[in-house]
1. Could you please find all residues in the stretch 129-155 being in contact with a helix residue (DSSP H, G or I) (Cβ under 8 Å, 6 or more places away or on another chain) and not small (Gly, Ala, Ser)?
2. Given the conditions (1) assigned to a loop (DSSP other than H, G, I, E, B); (2) among the hydrophobic types (A, V, I, L, M, F, W, C); (3) modelled with pLDDT under 95, which single one is not true for Ile314?
3. Looking at the stretch 355-367 only, could you name the residues that are part of a loop (DSSP other than H, G, I, E, B) and at pLDDT below 80?
4. Out of all the residues in the stretch 144-174, which are closer than 15 Å to Ala278 by Cα and surrounded by fewer than 20 Cβ atoms within 10 Å (Cβ to Cβ)?
5. Residues that are surrounded by fewer than 23 Cβ atoms within 10 Å (Cβ to Cβ), within 15 Å of the ligand (Cβ to nearest atom) and under 30 Å from Leu102 (Cβ atoms): does the stretch 312-334 have at least one?
6. Give just the number: which of (1) among the charged types (D, E, K, R); (2) away from the ligand (no atom under 16 Å from the Cβ); (3) within 17 Å of the chain's Cα centre (by Cα) does Glu280 not satisfy?
7. Among the residues of the stretch 230-251, is there at least one that is in contact with a His (Cβ under 7 Å, 6 or more places away or on another chain), within 16 Å of the ligand (Cβ to nearest atom), modelled with pLDDT of 95 or more and of a type in the set (A, V, I, L, M)?
8. I'm trying to understand the selection: among the residues of the stretch 335-365, which are within 16 Å of the ligand (Cβ to nearest atom), in contact with a Gly (Cβ under 8 Å, 6 or more places away or on another chain) and basic (Lys, Arg)?
Amino acid sequence: MSLYSTIDRFVLMPIGDKLMRRNISGAYKGLLKTEFCLEAELKELQNNKLKNLLRHCYTSVPYYRRVFDERHITPDDIKSREDLYKLPILTKKDVREHFDELISGDINKRKYLNGSTGGSTGTPMRFLEDISSWNILRGLNFRGWSWAGFNVGEKLFTLGGNSLVSKNHKVSPFSAKALYDRFIMRNLKRDCTDITDPALMLHYKAMMKFRPTAIRGYASSLFFLARYLEQNHLPVPKVKAVFTTGEKLHSEYRLKIESVFNAKVFDGYGAADGGVSAHECAIHDGLHIAEEQCIVEIADNAGNVLPDGETGNILTTDLSNYVFPFIRYKVGDLAYIKKELCSCGRKHRLLGDIIGREGRAIYNKQGRPFSSIVIDNMMFKDLDIHSSQTQRLYEKMERFQIRQDKFGDLTILIKPVDPSDSEASFGYVLDNFRSFFPDSRVVLKIVDDIPTLPSGKEDYCVSDYNPA
Ligand SMILES: [Zn+2]
């Protein structure tokens, strides 16, 4: 580990945490202690955290008190993840309908952030993120990245959308947040909404000037960047690893990124709603579920828990979110849990092939591609996802879907929460899309329902257009 890394991890990061009222350093330290726990130890740790969370839910969270009472059970009836089936699945619809009831009665004593999700699933939803959960998810990133040889204090270049690159325009380059990102997280973040050649050149120049130790971003954005560098015979920075996240890492993405950057890709999976997190280790045979932070179950559409090896809906229980508990939350992706543990020695179960958040692109008539994952960047252009203004906009849509026909024109389908909302209520969406698709016919339609694809997947981006 370099001198800067050592100073950052043991001095700068703890100071930064104090100033920012965060505790990533503490969370990371704790996670390093449990990294190589025996299976039984990990299970005990998980069971204890689950027990404490359920007790809290029973005493302080009206929604869960009601759920327990209706089922004539108490927290004592649930001792481990095998007992969790006694509680119902929590859907995004449930969260929207019972938002106030899901807030812990002792919220005033706790620290939290406002969160929104939806742009990458088609079902907008707001929630509250307990700062403890936030800390652990960041600590887990550092732990996962360490498996690729990347240390705290080394430089990370990030190319991503809303979930990775905040759009908070109020942040000045000399604010505590900006200085924290620059000198402690050492993370240079670039917005990937624009991935045309001129924009890719700007991203590239920024990356070369920054000289990162590792690169992070949405799988499709990094694929487009790698392809651009290859086509233009541009030299690439020497990096230890490339971290992908946010959407499905197709094998052709992995191959292209690895060959161009001459480094291994380490995939990650995570969602702040549900507090789920999983990272690939150097064996590259699945993603280790962060058992200390979340309980992952796989269930069929009827809600039955499936055995390991079978693909179904990911249900996640966030063991640290006491402010707004997510228990058995259907996050919207599908996967399976591997039957075997990893040969690396870590006893955290492996998540196999994750289906959902398919990275694909829609194109404007100038041939400019937009990854489907940045649809919310387009929809809520220039808005900070943590602001209450954006959250109110999110809340107006129950679901949406973007359809591109074979001529390149766009139809935006919106199922509003309030049936009396008309097209005019979503004029900002239409205006934003029109600015990205200048010569396309862009139409917005209010619908009663969004069609599900034959595969059963609730897809939010459908395209028949291929300009090539
Ligand atoms: Zn492993």
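The values are calculated or read from the model by the stated rules, or taken from the named source; none is laboratory data. Every value quoted in this text rests on a predicted model; they were computed, and no experiment measured them. All Cβ positions, even for glycine, are placed from backbone atoms using ideal geometry, and neighbour counts span all protein chains on display.
1. Asn135, Ile136, Arg138, Leu140, Phe142, Arg143, Asn151, Val152, Glu154, Lys155
2. (1)
3. Let us first name the residues in the stretch 355-367 that are part of a loop (DSSP other than H, G, I, E, B), namely 356-360, 364-367.
Once the filter is applied, which keeps residues that are part of a loop (DSSP other than H, G, I, E, B) and at pLDDT below 80, the stretch 355-367 yields Gly356, Arg357, Glu358, Gly359, Arg360, Gly367.
4. Just the residues of the stretch 144-174 that are closer than 15 Å to Ala278 by Cα, to begin with: 144-148.
Matches in the stretch 144-174: Ser146, Trp147.
5. No, the stretch 312-334 contains no residue that is surrounded by fewer than 23 Cβ atoms within 10 Å (Cβ to Cβ), within 15 Å of the ligand (Cβ to nearest atom) and under 30 Å from Leu102 (Cβ atoms).
6. That leaves (2) as the condition not met.
7. Filtering the stretch 230-251 for residues in contact with a His (Cβ under 7 Å, 6 or more places away or on another chain) gives none.
Taking every residue of the stretch 230-251 in turn, none turns out to be in contact with a His (Cβ under 7 Å, 6 or more places away or on another chain), within 16 Å of the ligand (Cβ to nearest atom), modelled with pLDDT of 95 or more and of a type in the set (A, V, I, L, M).
8. Correct list: Lys338, Lys339.
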